[in-house]
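Novice: Pasting a structure below so you can have a look.
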Amino acid sequence: MNHDNTPHDVLLPIKAVCEIVARSRASIYRDIQRKTFPAAQKQGRSSRWRRSEIMKVVEGRYPS
């Protein structure tokens, strides 16, 4: 399943990311520090992740 060509990549909040990957916030942020999980994009004080990047994690293609 290829999500790279999504014309309007959706930005997801941490709660949605946790649900999709079935992991806690702490484990996600720990893996971001280890560079084994995509970093968030900051929007003001909020952090958001591109859906396409999260789908790469789910499909086992991150880091590519």
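Novice: Which residue pairs have Cβ atoms under 7 Å apart, sit 6 or more places apart or on different chains, and have a first residue in region 8-24 that is assigned to a helix (DSSP H, G or I) and a second that is among the basic types (Lys, Arg) and open to solvent by 60 Å² or more (accessible area, probe 1.4 Å)?
Specialist: Hits for this filter: 14/25; 18/25.
Novice: Search region 50-63 for residues being more than 16 Å from residue 34 (Cβ to Cβ) and open to solvent by 70 Å² or more (accessible area, probe 1.4 Å), and hand back the single one that is farthest from the chain's Cα centre (by Cα).
Specialist: The extreme case among them is 61.
Novice: Let me ask you something else. Which count do you get for residues in region 6-19 that are open to solvent by 70 Å² or more (accessible area, probe 1.4 Å) and of a type in the set (Val, Ile, Thr)?
Specialist: 1
Novice: Within region 30-44, can you find the residues that are touching a residue at least 24 places away in the same chain (Cβ under 8 Å) and open to solvent by less than 30 Å² (accessible area, probe 1.4 Å)?
Specialist: 37, 38
Novice: Of 47, 27, which residue is assigned to a strand (DSSP E or B), open to solvent by less than 50 Å² (accessible area, probe 1.4 Å), at pLDDT 95 or above and among the hydroxyl-bearing types (Ser, Thr, Tyr)?
Specialist: None of the others qualify; the one that does is 47.
The values are calculated or read from the model by the stated rules, or taken from the named source; none is laboratory data. These numbers were taken from a predicted model, which means no experiment stands behind them. All Cβ positions, even for glycine, are placed from backbone atoms using ideal geometry, and neighbour counts span all protein chains on display. Each accessible area value is taken on the protein alone, full model and side chains, heavy atoms only, with ligands, DNA and RNA left out. Shrake-Rupley method; radii C 1.70, N 1.55, O 1.52, S 1.80 Å.
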